[in-house]
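Peer 1: This is the structure I want to talk about, given as structure tokens.
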Amino acid sequence: MIKIENKLEKHLKIGILEFYNIKSIKSELLQNFIKDELSRIKLEDKPPTGFVYTRKLYKSFKIDPTKYRPSSEALWRRLKRKRDFPKVNPFVDLLNLLSLKYQISCGLYDMDKIKGKIVITLGEEKDHYQGIRKNNVNLKGKIVLRDNQGAFGNPSADSLRTSVNENSKNILIILFFSSNAPQDFTNKTIGSFKEAYKHFFEIEKYGENIL
């Protein structure tokens, strides 16, 4: 199990899911699931309510969630305004779909690219990295995940260095919750993410935790 220290536990609660030795993907089943869920989400008229917890989380660190949007909310706005859902690879596509469905920001990382212990803390001047679709992500004053090589993750944009591709075998998912999010919401969301990955991927071993 990977070692993680949450230095922001006063405001931030994290769900941790680790999946090891992923051997195969039920591709057609997964794509049909994503298609059906996207169709349902597109038809929803009511504004989402789950994002309120992530917005509270950002505001607790004095981060304006309308200027620096949580990844899940940015994805939801993109789907509603442009009717667009980006397809990357099966690991990322399922994560993005689940983040829309449960309205929670999360990060996905290749554990073989993470070096040493993970520390979750507030970013400093030194904390920046090349994003997956951005040239540079500056994390000063924002939530940041660090390993022995430096910053690599955040609830709004992850790094290219630890990104997951179709050949990844061991993956880590971090779910970001406000510390005052209801426990039943937290447990339900973590459980749903776990069961979805177990359903669509053949996984030899998995672990879960909350910090």
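Peer 1: Find how many whole Å separate the alpha carbon centroid of the stretch 12-42 from the alpha carbon centroid of the stretch 60-103.
Peer 2: The stretch 60-103 and the stretch 12-42 have Cα centres separated by 14 Å.
Peer 1: Compute, for the chain, the length of the dipole vector about the Cα centre, with Cβ point charges of +1 (Lys, Arg) and -1 (Asp, Glu) only. Units Debye, rounded to 20. Write down the numbers at each step before the final one.
Peer 2: Details: 39 positive and 25 negative charges, 153 e Å.
With only Lys, Arg, Asp and Glu charged at Cβ, the dipole is about 740 debye.
Peer 1: Would you work out which of VAL52, TYR102, GLN31 lies farthest towards the positive end of the dipole of the chain, given +1 charges on the beta-carbon of Lys and Arg and -1 on that of Asp and Glu, about the Cα centre?
Peer 2: Most positive-ward Cα: VAL52.
Peer 1: Tell me, what is the FRET efficiency for GLU44 and ILE210 to the nearest 0.05, using R0 = 35 angstrom and their Cβ-Cβ distance as r? Could the numbers behind the result be given before it?
Peer 2: Working: r = 28 Å, r/R0 = 0.81.
The calculated FRET efficiency here is 0.80.
Peer 1: Right, here's the next one. Note down the Stokes-Einstein diffusion coefficient of the chain in µm²/s, whole number, using a Kirkwood radius over alpha carbon pairs, 4 °C, and 1.567 mPa s. Before the final figure, lay out each step's value.
Peer 2: Values: Rh = 17.3 Å.
D, rounded to a whole number, is 75 µm²/s.
Peer 1: Please report the net charge: other residues with Cβ closer than 12 Å to the Cβ of LYS26, K and R +1, D and E -1.
Peer 2: Details: positive: LYS23, LYS198; negative: GLU28, GLU202.
So the surrounding residues net to 0.
Peer 1: Now, a different point. Can you give the extra length, in nm with one decimal, that the chain gains between ASN180 and ASN165 once fully stretched, where that is 0.36 nm per residue apart less the Cα-Cα distance? Walk me through the intermediate numbers first.
Peer 2: Working: separation 15, 0.36 × 15 = 5.40 nm, distance 3.35 nm.
Going from the current span to full extension adds 2.1 nm.
Peer 1: Test of understanding: what is the full-extension gain from LYS126 to ASN148, defined as 0.36 nm times their sequence separation minus their Cα-Cα distance? Don't skip to the answer; put the middle values down first.
Peer 2: Values: separation 22, 0.36 × 22 = 7.92 nm, distance 1.34 nm.
Contour length minus the Cα-Cα distance gives 6.6 nm.
Peer 1: Going Cα to Cα from LYS3, which aspartates and glutamates come in below 14 Å? Please leave out same-chain ones fewer than 8 positions away.
Peer 2: GLU18, ASP112, ASP147, GLU208
Peer 1: A further question on this structure: Which FRET efficiency, nearest 0.05, do MET1 and ARG78 yield, Cβ-Cβ r, R0 25 Å? Display every interim value, and only then the final one.
Peer 2: Details: r = 34 Å, r/R0 = 1.37.
Step by step, r from the Cβ atoms, then E = 0.15.
Peer 1: Could you list, in their original order, any pairs among LYS26/LYS113; LYS87/LYS126; LYS23/LYS142; LYS42/LYS142 whose Cα atoms are separated by more than 28 Å?
Peer 2: Values: LYS26/LYS113 25 Å; LYS87/LYS126 32 Å; LYS23/LYS142 35 Å; LYS42/LYS142 31 Å.
Flagged as over cut-off: LYS87/LYS126; LYS23/LYS142; LYS42/LYS142.
Each value in this text was obtained by applying a stated rule to the coordinates, not by laboratory testing. Quantities reported herein were computed from a predicted structural model and do not represent experimental measurements. Cβ: placed from backbone, ideal geometry, glycine included. Neighbour counts: every protein chain shown.
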